[in-house]
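Participant: Structure incoming, see below.
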């Protein structure tokens, strides 16, 4: 089954639980320092872009400023203060007015999916498939992280001052409750309509009765509801925001979802291209930042989709909607559509395509589509000027000679670690192999799985063509102390395509072949496909990073050495090693590696 980062990230963005279930991304060790990022002083909006980077945008949309160069799982912005929970488990408080940032929980904590601040700390909701959602309370004074209301599933949570309000159910009956966070005392609890949804707007607590078209003020002291006189309709299914006497609501699905602004007794539909996929991202007084997210088909790659984002500014006072262009730190690198020609090995095709989607398709800037023409051909393309940047294994003697014959010098630096993986089918009855057993198989000395403790059946041995990246790794890593055998003379089967060697191992219970670790995790996922552990170590990114997996390998990003300082190729070359690049690599199972430029010799 093929998968892409875009599709998975789209699902995470469209579903809150998906966002909190995943743990891929920056690890605690990878978390970049934040103290060197200058904080803004002007009012504006907090937003996430470029795979969870946290940004600040002034109200006039004049530019964005990076606040956190790491994946932000959730955040809350109120009156110049930001709470941000990151994918590495850390939680940070940013006070824009004071110009300070404070780490409340260090990396390695639980992943938080929703966060709410209060006067003495914050509430954080976590989620697990086994236990479901759980609410925790962090107290500034004691720096404690305690489970709150463990027997209740707190829904529709709102916080005013140091009191938390929520809805939950007992025996199918809905209840509205209030709890003082400082003392832990429950102030009141009363039955309520099951359709009631809570919203905080400034210092006001509102309750929306979905399906009845009724909006109420909720008395914080008692929980009593006071209906507001508004031109709401029963088709209104979601209340979004209130400012003064202006209200923003969304209609239901029956007539097609639309956004309406209610003010001065009138009801005005907002002029948006795709209101169904438009949501409220942040607010600042009468200014509302709306975000449209649409899943689109890639024009460059078959069966590939990506998430396209647009933002709009709504003035609640005038009802005017205007474009709010957002340009992130990384997206600005190739905003002019001058993305260089990338090339790579077959194994690197998924991550190469995702880099193209990010720089060229997410932004709409466009650019050259990657070639992904295999390792050997990519080296030739670098030498011939067909490709500008490539992700490759170190060059062979033949490829070095070709570079010299063209008078081309290259710059190359480490970008990631991977592994050569031997694959088969679980029906063979063997799961772990030693390196010597592998050599004996490929020398034709072990010919039956029964010789390894498995099924009594002949081993079908598969290999790749000599120009493929996996074949050169096979020869360099497994036969480092001597020459590889003549596999053709031994009667083994050569397959020229990496996908074919994987499909043959899926179809034939007794076949064995090899591939690249990340290619398998990115492109194929099947319970029948077996990645043999070697010398007791599984083929995982963690074992590659620890250098315990025996057949670990290193990858290089390559460009011609004469590239000008600000050329598109050099800008992309320098981007490798950034936190965002490391995030993408990690998602694809590649262990990020950083190194200075080296010679190919």
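Taken together, the values in this text are just the output of simple stated rules run on the coordinates, not laboratory data. Quick caveat: nothing in here was measured; it's all calculated off a predicted structure. In this analysis, Cβ positions are derived from the backbone assuming ideal geometry, glycine residues included, and neighbour counts consider all displayed protein chains.
Participant: What is the distance, in nm, between label points placed 7 Å from the Cα along the Cα-to-Cβ direction at residue 456 and at residue 599?
Facilitator: 5.9 nm
Participant: Output the direction-averaged projected area (hull surface divided by four) of the convex hull of the alpha-carbon atoms of region 153-264, in nm². Walk me through the numbers before you get to the answer.
Facilitator: Numbers: hull surface 29.5 nm².
Convex hull of Cα atoms, orientation-averaged projection: 7.4 nm².
Participant: For the pair residue 327 and residue 219, what calculated FRET efficiency results from E = 1/(1 + (r/R0)^6), where r is the Cβ-Cβ distance and R0 = 30 Å, to the nearest 0.05? Display every interim value, and only then the final one.
Facilitator: Values: r = 44 Å, r/R0 = 1.48.
Step by step, r from the Cβ atoms, then E = 0.10.
Participant: How many angstrom lie between the Cα centre of region 186-219 and the Cα centre of region 358-423?
Facilitator: Going from one Cα centre to the other spans 58 Å.
Participant: What percent does the relative contact order of the chain come to when contacts are Cα pairs within less than 8 Å and at least six residues apart? Display every interim value, and only then the final one.
Facilitator: Numbers: 1284 pairs, mean separation 66.5, N = 601.
Taking the mean separation of contacting Cα pairs over the length of the chain, I get 11 percent.
Participant: While we're here: Roughly what angle does helix 5-14 make with the longest principal axis of the chain, taking Cα atoms, 0 to 90 degrees, to the nearest 10?
Facilitator: Here the helix axis deviates by roughly 10 degrees.
Participant: Further question on the same structure: When you have a sec, figure out the Kirkwood radius of region 396-494 from all distinct Cα pair distances and drop it here in Å to one decimal? List each step's numbers first, then the result.
Facilitator: Numbers: mean 1/r = 0.0631 Å⁻¹.
One decimal place: 15.8 Å for the Kirkwood radius.
Participant: Ranking request for peptides 380-390, 223-233, 457-467: highest mean number of other beta-carbon atoms within 10 Å first, then the rest in descending order. Kindly include the intermediate steps, with their values, before the conclusion.
Facilitator: On the way: 380-390: 20.7, 223-233: 15.0, 457-467: 17.8.
Highest-to-lowest ranking by the protection proxy: 380-390, 457-467, 223-233.
Participant: Next question. Let me see the P(r) profile for region 76-116: every Cα-Cα distance counted, bins of 10 Å, each bin given as a percent of all pairs.
Facilitator: 33, 51, 16
Participant: Another question about this same structure. If a paramagnetic tag sat 7 Å from the Cα of residue 162 along the Cα-Cβ line, which residues of region 173-194 would have the backbone N under 18 Å from that point?
Facilitator: 178-188
Participant: Still on this structure, I have one more. Going by how many other beta carbons lie within 10 Å of each one, how would you line up 175, 356, fewest first? Don't skip to the answer; put the middle values down first.
Facilitator: Working: 175 16, 356 23.
Arranged by neighbour count, lowest to highest, 175, 356 become 175, 356.
Participant: Further question on the same structure: Looking at the calculated P(r) for the chain, what percent of the C-alpha pair distances fall above 42 Å?
Facilitator: Details: 62272 of 180300 pairs.
Summing the P(r) of the chain above 42 Å gives 35 percent of all pairs.
Participant: How far, in nm, would the chain grow between residue 175 and residue 227 when pulled straight, counting 0.36 nm per residue and subtracting the alpha carbon separation?
Facilitator: On the way: separation 52, 0.36 × 52 = 18.72 nm, distance 1.84 nm.
Stretched out fully, the residue 175 to residue 227 stretch lengthens by 16.9 nm.
Participant: R0 = 45 Å: FRET efficiency of residue 338 with residue 466, Cβ-based, nearest 0.05? It would help to have the intermediate numbers written out before the result.
Facilitator: Values: r = 36 Å, r/R0 = 0.80.
About 0.80, to the nearest 0.05.
Participant: Per the Kirkwood treatment, what hydrodynamic radius in Å, one decimal, follows for region 419-553 from the mean inverse distance over all distinct Cα pairs? Don't jump to the answer; show the numbers that get you there.
Facilitator: Numbers: mean 1/r = 0.0678 Å⁻¹.
One decimal place: 14.8 Å for the Kirkwood radius.
Participant: If you average the alpha carbon positions of region 479-509 and of region 78-119, how far apart do those two centres end up, in angstrom?
Facilitator: Cα centres, region 479-509 to region 78-119: 51 Å.
Participant: Return the FRET efficiency for the residue pair residue 95, residue 146: r is the Cβ-Cβ distance, R0 is 22 Å, and the value is rounded to the nearest 0.05.
Facilitator: Working: r = 24 Å, r/R0 = 1.09.
In this case the efficiency is close to 0.35.
Participant: If you don't mind, there's one more thing I want to ask. How high is the relative contact order of region 153-229? Use alpha-carbon pairs under 8 Å, at least six apart in sequence, and give a whole percent. Spell out each step's value before the answer.
Facilitator: Working: 154 pairs, mean separation 15.4, N = 77.
Relative contact order comes out at 20 percent.
Participant: Note the full-extension length gain between residue 480 and residue 38 as 0.36 nm times their separation in residues minus their Cα-Cα distance, in nm to one decimal. Provide the component values of the computation, followed by the final result.
Facilitator: On the way: separation 442, 0.36 × 442 = 159.12 nm, distance 4.98 nm.
Contour length minus the Cα-Cα distance gives 154.1 nm.
Participant: Let me check against my output: what whole-number percent is the relative contact order of region 283-418, with C-alpha pairs under 8 Å and at least 6 apart? Display every interim value, and only then the final one.
Facilitator: On the way: 198 pairs, mean separation 24.8, N = 136.
This gives 18 percent for region 283-418.
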